[in-house]
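Taking it in order: structure first as structure tokens, then the write-up.
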Amino acid sequence: SSQNNKVFHHNGTNLIDPSLLKAVTVEAGVAPADVGPGALGGSIAYETKDAADLLLPGKTFGGMATSSWNFNSNTFIGGLAAYGIQNDFEYLGYINYGKGDEFEGGNGQDIPGTETNILSGIGKLAYEFASGDRIEISHERVHDDTLRPFRANTSIPVRPWEPEVRNYRIDRNNTVFTYTDTTPEGWWDPRIVLAFSNSEVETPVFTRRESYPVTGETRSFNGKAENKVALDMGSITPGLDFYNNKAGPHAREDTAHERASNVGFYAQARLEPWERTRLSFGARGDHQWFTGTEGSDWSNSGLSGNISGEYDLIPEFLTAKAGFSHVWAGIPLAENFIMNPGWNYGDGPEPTTADNYTAGLEATWNGFTLGVTVFQTNLNDTRSPRYAAARAIDAYDVRSEGYEISAGYNWDEGFVNVKYVDIDVEIDGKPADSDTGTYLATPVGQIISIGAGHSFTDW
């Protein structure tokens, strides 16, 4: 289910329980057309496990229990799951609960706003017909409700009448229906997805004299229908998708909403036309209808395209990679907590577009890897409004560019890798900061990451 993350500028909605996470797919910069509309700087997709991923060989029923205890904060986290496959019917149920006190710092003092109070879970039902047709429905919920720092994403001085911490209640729900064919043949490999997502954040707002609750709510009804056509040299995936999004606050004084609906048609080819060559290219056309907080309407259309490829300069040793995409994303919804029913949209917001460039080399030898990549993303007319009535269509141009160098070694049961990345971000030609860059870009700078893992298969 596609998500709208702009629920509050002090926290997001992207809470993922890793216990049942099967895979994360990252399309950095250049994203294919079939990932959906508005993939301005790429895309991230999460996939959760099914019963078949958890069952032991030859078993039709299973379960698991997990628990942990943190002595610093007296925090308990426990999970229970049950799953099985019976006569082509699959089911999975999982629930995870965490409760605990504040953490104690190295100076012996409790750290405000670090309590644990979370409840999450997922349920899945699926049935596979003898013909290979498979239908699946899943529902996921994440609920977090406790005290957090007043500005949960940063540390800045607060007004004298504002407390050090306040309660944040985050409630996220996703329901997804999927149809696939597990026995595709030739030109017939369909996929249909219908999904509904809803995210809420409730927190009190403090004035000099009182406090009152405000809830930001973001919802999306979206889906896609596509068919993967198999060819001798690869595949082509044509399809259509849509979304109907609504967002806004529920407050004592200001209740305003924005809406956006979009219909898109796309096709993406993934081919190996020649030896040592892998190509991916596609295009999509979108039409969007946008409604402002005061009821004004605008409609816009745009085209997007992408191409990326790999070529083995030296087979099994050195590969060159490059990609480019132009993305038309329509008008993004504003953030819930700053929506103003009195906004003046003037001639209307401009659709946001992006151009992405990537290029790199990757070498492999006897388990060793070495890679270097350069990249640039240019965002144009990136909407970032403020509450003032005249600032509904504030927009900026953003440029993010940099490079990364990576090295690693893999053996039969493990790996070790290290990566260095240097990213420079500008907003309207000036260095990005975390205030101007709210919802636009993060001033990342330099990052070094090191990772290692080993599987003890006998255990």
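The values are calculated or read from the model by the stated rules, or taken from the named source; none is laboratory data. Everything numeric here is computed off the predicted structure, so don't read it as measured data. Glycine also receives a Cβ, built like all others from the backbone with ideal geometry; neighbour counts cover every protein chain displayed. All accessible areas refer to the heavy atoms of the entire protein, side chains included, with ligands and DNA or RNA removed. Shrake-Rupley method; radii C 1.70, N 1.55, O 1.52, S 1.80 Å.
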| query | Out of all the residues in segment 3-16, which are in contact with a Gly (Cβ under 9 Å, 6 or more places away or on another chain), crowded, with 20+ Cβ neighbours inside 10 Å and not basic (K, R)? | reply | V7, F8
| Does A230 satisfy being surrounded by 17 or more Cβ atoms within 10 Å (Cβ to Cβ) and of a type in the set (A, V, I, L, M, F, W, C)? | no
| query | In segment 382-390, is there at least one residue being touching an Asp or Glu at 6+ places or on another chain (Cβ under 7 Å), part of a strand (DSSP E or B), of a type in the set (K, R) and open to solvent by 30 Å² or more (accessible area, probe 1.4 Å)? | reply | no
| Pairs where the first residue, in segment 66-78, is in contact (Cβ under 8 Å) with a residue 24 or more places away in the chain and of a type outside the set (D, E, K, R) and the second is surrounded by 13 or more Cβ atoms within 10 Å (Cβ to Cβ) and assigned to a strand (DSSP E or B), C-beta under 6 Å, 6+ apart | T66/G79; N72/E104; S73/G100; N74/G100; T75/G100; T75/T116; F76/K99; I77/G98
| request: Identify, from the list L125, L80, L92, the residue that is more than 18 Å from D17 (Cβ to Cβ) and part of a strand (DSSP E or B). | output: L125
| Leading residue by the ranking (farthest from the chain's Cα centre (by Cα)) among those in segment 310-327 that are closer than 23 Å to T353 by Cα and open to solvent by 20 Å² or more (accessible area, probe 1.4 Å) | A322
| request: For segment 328-350, name all the residues that are in a loop (DSSP other than H, G, I, E, B) and either of a type in the set (F, W, Y) or surrounded by fewer than 17 Cβ atoms within 10 Å (Cβ to Cβ) (or both). | output: P341, G342, W343, N344, Y345, G346, D347, G348, E350
| Residue in segment 80-113 that is nearest to D133 (Cα to Cα), counting only those that are among the small types (G, A, S), in contact with a Gly (Cβ under 9 Å, 6 or more places away or on another chain) and open to solvent by less than 20 Å² (accessible area, probe 1.4 Å) | G84
| said: Between a residue in segment 373-387 that is at positive phi and any residue that is open to solvent by 50 Å² or more (accessible area, probe 1.4 Å) and not in a strand (DSSP E or B), which pairs come within a Cβ distance under 7 Å, given they are 6 or more apart or on different chains? | reply: D381/E350
| request: Looking only at segment 159-203, count how many residues are more than 30 Å from G234 (Cβ to Cβ), open to solvent by less than 60 Å² (accessible area, probe 1.4 Å) and without any contact (Cβ under 8 Å) to a residue 60 or more places away in the chain. | output: 9
| note | Expected output for segment 20-43 (first residue on the phi > 0 side of the Ramachandran plot, partner open to solvent by 40 Å² or more (accessible area, probe 1.4 Å) and part of a loop (DSSP other than H, G, I, E, B), Cβ below 6 Å, 6+ apart or cross-chain) is G36/S2
| task | Restrict the check to segment 140-150 and report whether at least one residue is within 27 Å of Y46 (Cα to Cα), hydrophobic (A, V, I, L, M, F, W, C) and modelled with pLDDT of 95 or more. | result | no
| query | Given the residues L125, L119, which is the only one that is touching a strand residue (DSSP E or B) at 6+ places or on another chain (Cβ under 9 Å), surrounded by fewer than 18 Cβ atoms within 10 Å (Cβ to Cβ) and under 24 Å from S67 (Cα atoms)? | reply | L119
| query | If we scan segment 63-70, do we find a residue that is open to solvent by less than 40 Å² (accessible area, probe 1.4 Å), farther than 30 Å from V165 by Cβ, at pLDDT 95 or above and not acidic (D, E)? | reply | no
| note | When segment 433-459 is checked residue by residue, the ones that are open to solvent by 50 Å² or more (accessible area, probe 1.4 Å), modelled with pLDDT under 95 and of a type outside the set (S, T, N, Q) are D433, D435, Y439, P443, V444, D458, W459
| task | Can you work out which of the residues in segment 363-372 that are open to solvent by 70 Å² or more (accessible area, probe 1.4 Å) and either touching a residue at least 24 places away in the same chain (Cβ under 8 Å) or in contact with a strand residue (DSSP E or B) (Cβ under 7 Å, 6 or more places away or on another chain) (or both) is nearest to D412 (Cα to Cα)? | result | F368
| said: Could you check segment 233-260 and list, in sequence order, the residues that are open to solvent by 50 Å² or more (accessible area, probe 1.4 Å), in a strand (DSSP E or B) and within 30 Å of V158 (Cα to Cα)? | reply: H250
